[in-house]
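Below: one structure, written as structure tokens.
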Amino acid sequence: MKKLTLFYDALCPLCQAEIVFLSGRNHAGLLCFVDINSQQYSEKETGVSCRQALASMYAQFEDGTLINGVDVFVAAYQRANLPTLAWLFSRPTLRPALNVGYQFFAKYRHAISGVLGPPALWLANRKRG
């Protein structure tokens, strides 16, 4: 399986919780994580502006192929050995609802994260440590 780099917003507690959760399951080392607000993130190298990355989660395979939105979660869950979640997020019958739900979340993630993020981040850190 090809390595996958996830570009995420570390200013979003719910996004952080997801990254903490995935990094704790990254036993095979197939996932890398780059905060789009950090010096590590390069719009030039990815071809994705910070504005685009804030509007939808992007990831890049080691061969340079970009994916975004729900596809990122499918690929990440596969690499984090979460086959049930990967299967669920890849179901064609669920994809329209998942895409709409993700677009809503991405647009309002800071407001949603303000409520759900701190407990999710606490739980993810607690399970990790």
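The values are calculated or read from the model by the stated rules, or taken from the named source; none is laboratory data. The structure presented is a predicted model; accordingly, all values stated were derived computationally and were not measured. A quick note on method: Cβ atoms are made from the backbone with ideal geometry, for glycine too, and the neighbour counts reach across all protein chains shown. Side chains are part of the model used for accessible areas, which takes the heavy atoms of the whole protein and leaves out ligands, DNA and RNA. Shrake-Rupley method; radii C 1.70, N 1.55, O 1.52, S 1.80 Å.
In sequence order, region 8-18 has phi-based couplings of 9, 9, 6, 7, 9, x, 5, 5, 4, 4, 5 Hz under the Karplus curve 6.51 cos²θ - 1.76 cosθ + 1.60, θ = phi - 60°, and Gly or Pro positions carry x.
Per-atom-type breakdown for the chain gives carbon and sulfur 58% of the accessible area (1.4 Å probe, protein chains only). The ellipsoid equivalent to the alpha-carbon distribution of region 26-97 has semi-axes of 23, 16, 9 angstrom, derived from the gyration tensor eigenvalues as √(5λ) and listed largest first.
Computed 3J(HN,Hα) for region 71-84, one whole-Hz value per residue from the Karplus formula 6.51 cos²θ - 1.76 cosθ + 1.60 where θ = phi - 60°, is 4, 4, 5, 4, 5, 5, 5, 4, 6, 8, 6, 10, x, 5, glycine and proline marked x.
Cβ distances below 4.7 Å define possible disulfide partners, and in the chain the cysteines left without one are Cys32, Cys50.
Under 5 Å between amide hydrogens, built in the peptide plane, is the criterion, and for Leu4 it picks out Leu31, Cys32 among residues at least 5 positions away or on other chains.
Of the Cα atoms belonging to region 1-54, the radius of gyration and Dmax stand at 11.5, 31 Å. The loop-placed GluC sites (Glu not before Pro) in region 1-90, going by DSSP, that have at most 12 neighbouring Cβ atoms within 10 Å of their Cβ come out as Glu62. Extension gain, Glu43 to Asn81, is 10.8 nm, computed as 0.36 nm per intervening residue step minus the present C-alpha separation. Compared with the alpha-carbon gap, the fully stretched path from Gln52 to Ala111 is longer by 19.4 nm at 0.36 nm per residue. Bridge orientation summary for region 1-114: considering DSSP beta bridges with both residues in this region, about 60 percent are antiparallel. Pairs of Cα atoms in the chain fall into 10 Å distance bins, from 0 up to the last occupied one, in shares of 13, 43, 39, 5 percent. Would you mind checking region 7-35 for residues with the amide N under 19 Å from a putative spin-label position 7 Å along Cα→C-beta of Arg126? 13-25, by backbone N distance to the label point. Counting Lys and Arg as +1 and Asp and Glu as -1 over every other residue whose Cβ lies under 12 Å from the Cβ of Ala80, the net charge comes to +1.
Computed from backbone phi, the HN-Hα couplings of region 27-35 come to 5, 7, x, 8, 10, 10, 10, 10, 6 Hz, rounded to whole numbers (Karplus: 6.51 cos²θ - 1.76 cosθ + 1.60, θ = phi - 60°; Gly and Pro given as x).
A cut-off of 5 Å between modelled amide H atoms, ignoring neighbours fewer than 5 places along the same chain, links Leu11 with no other residue. In region 80-129, the alpha-carbon atoms span a convex hull of 88 Å³ per residue.
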